[in-house]
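K.L.:
Below is one structure. I have some questions about it.
Please treat every number below as a calculation from the coordinates, not as lab data. None of the values given here were measured: they were computed from a predicted structure. Please note: Cβ atoms are built from the backbone with ideal geometry, for glycine as well, and neighbour counts cover all protein chains shown.
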2 protein chains.
Amino acid sequence: MTERIDMEAADTAMVESEQDSRRSADSSERAYNTIRQLLVEFKLKPDARLNEVQLSRSLGVSRTPIREALNRLASEGFVSLTPNRGFFVRSLSTEGLIDLYELRSIIECAAFRLMCERAVDADIGRLTAYWASIVDGYQDNPPDEILAKDEGFHLLIAELSGNPELVNQLAAINARIRFIRRIQIERTHDPRQVSSHSEIVAAAVRRDAERGMKLLRDHIEMSVSATQDALKDALLKVYTAPDPAAPARGRRRVKGG
Amino acid sequence: MTERIDMEAADTAMVESEQDSRRSADSSERAYNTIRQLLVEFKLKPDARLNEVQLSRSLGVSRTPIREALNRLASEGFVSLTPNRGFFVRSLSTEGLIDLYELRSIIECAAFRLMCERAVDADIGRLTAYWASIVDGYQDNPPDEILAKDEGFHLLIAELSGNPELVNQLAAINARIRFIRRIQIERTHDPRQVSSHSEIVAAAVRRDAERGMKLLRDHIEMSVSATQDALKDALLKVYTAPDPAAPARGRRRVKGG
DNA sequence: GAACGCAATAGTGTCGACACTTTATTGACG
DNA sequence: CGTCAATAAAGTGTCGACACTATTGCGTTC
């Protein structure tokens, strides 16, 4: 009996805070969302080989949309593709994550600087308004909410930079580090997150690029230093989480299923 | 009678200076290279709708690898995908390009700074050696060579930053602005390009991050200012280039072969 | 004569099947 | 008993076909 994954459920559970010019018809898009969700939740484990047939059975579609989704996830860095061997879940290494955080810091600082140079008062008003609208009880939200709101905040800065490429880049990076950020948020309820956001807004109002960039660097650096610890939790989560779709290591062999 | 595009030829003509974790078996990879080449050379024109069947006939493969290639090109920004309408060639707009140049400047400056902070002498040695090996008769190379060597230079800086994500990002950006850069290179044989590379190397040797970043910013800025003019040439090229694969606007209607 | 709706055509999205490659299993040999 | 080769199984890469959607062209109506 094949376990079947409910694509609808996985869809609605998505964080959904990115802009993407691509929007496939149906199966493909859903497969993408579902598999990505499985990756984010570690239902599919790092370094595991992804079986296209098994995935297609689980999701109730043919291999074509599965492959389409996997290709997309590959170009976003979630999985890798080896010529005749198939797709593998990206491995869970600290270095790779630190590199990503560094890239994120670079993009965000540049975005902040450009925002300070270019944004009119109304733009900055949008930022202050956004932050004002989410600051109350910010830390009391469920982790997914906090994450979505935090990403929204930083994406708005990118947007106000006037360079849509920065938005795209940041959105792509966010998608790749979201899994570990969520774990961090679950672990630590650090109120400094709130205050640093407030300070960033203040710096934006004053158009103080240097100050804002320093705040962002520290803001992100703080996350990096917490990443080591979060990784331990992540690894724990990996090996205790249920295993609905991928056999990964312990494969069972039932002939006449 | 269907015109058939030689995939081998298009392959060998490629600049080929990127690292990419993805490497599909055969047809897919070739289709990717071929179509990308068509896009770079404006054989496929901006805003044109891409006909999968026609492409598959031209390249002599089925639609599956074509779609795979197009999906990949979509996630790299070469084409866009609209749900039930198919793929479209990215439009040729100035703004988008300037945004990309800006992003490139951001990535490269950050890479240079990190290189200055982290690279050991041997690393810097690689940079000086690389530049020394290509500086002689640099401007006398054919445009594609100049482009490849220039990209190699900047990618090496990214590599020496120690952050592989920066290499990936820069490679992706290069791929997207390559078409216009090639036109610029064909137009202008500016010797300042050479001297600014030399100066950048000198700054690297002195680990002078600020100086190097300023040089890079100017270096890239110079390209941006030339982009407007280059675009005119590009548009000219678009409407004079032969049209082997895509019907684009004037489609002929032959019923019985 | 122009706008609307309908039919025909073209084109994408998805499927199941097959060929070829990689991986696991079995059996022979040292 | 371990190593290696032959064989079987599993899995990916590609194909051609079909269903459904979008577009074009035509005829009708006002």
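K.L.:
Can you list the copy-to-copy distances for residue B:205, using a point 7 angstrom from Cα toward Cβ, in nanometres, shortest first?
P.N.:
Sorted ascending, the copy-to-copy spacings read 5.1 nm.
K.L.:
Between residue A:120 and residue A:236, what is the FRET efficiency for a Förster distance of 41 Å, r being their Cβ-Cβ separation, to the nearest 0.05? Don't skip to the end; give the middle numbers.
P.N.:
Values: r = 48 Å, r/R0 = 1.17.
It comes to 0.30.
K.L.:
Over segment B:94-202, one equal point on each Cα, no solvent: what is log10 I(q)/I(0) by the Debye formula at q = 0.12, 0.15, 0.20 Å⁻¹?
P.N.:
-0.41, -0.65, -1.14
K.L.:
Another one. From the label point of residue B:235, set 7 Å along Cα to the beta carbon, how far off in nm is each other copy's matching point, shortest first?
P.N.:
Relative to the other copies, residue B:235 has label-point distances of 5.8 nm.
K.L.:
Another one. Where in segment B:105-129 does the amide nitrogen come within less than 17 Å of the point 7 Å from the Cα of residue B:218, taken along Cα to Cβ?
P.N.:
B:105, B:109
K.L.:
Where the label is 7 Å out from Cα toward Cβ, how close does residue A:142 come to the same position in every other copy, in nm, shortest first?
P.N.:
So the label point of residue A:142 gives 6.0 nm to the other copies.
K.L.:
For the rotation that superimposes chain A on chain B, which residue of A has the C-beta lying nearest to the axis, and at what distance in Å?
P.N.:
Residue nearest the A-to-B axis, with distance in whole Å: A:75, 2.
K.L.:
Here's something else I'd like to know. Suppose a student asked you for the relative contact order of segment B:97-175, using Cα pairs under 8 Å spaced at least 6 residues apart; what percent would you report?
P.N.:
The normalised contact order for segment B:97-175 reaches 48 percent.
K.L.:
State, to one decimal in nm, how far the label point of residue B:128 lies from the label point of residue A:63, with both points 7 Å from Cα in the Cβ direction.
P.N.:
Roughly 5.4 nm, to one decimal.
K.L.:
Taking Cα pairs under 8 Å and at least six residues apart, what relative contact order does segment B:94-237 come out at, in percent?
P.N.:
Once normalised by length, the contact order is 39 percent.
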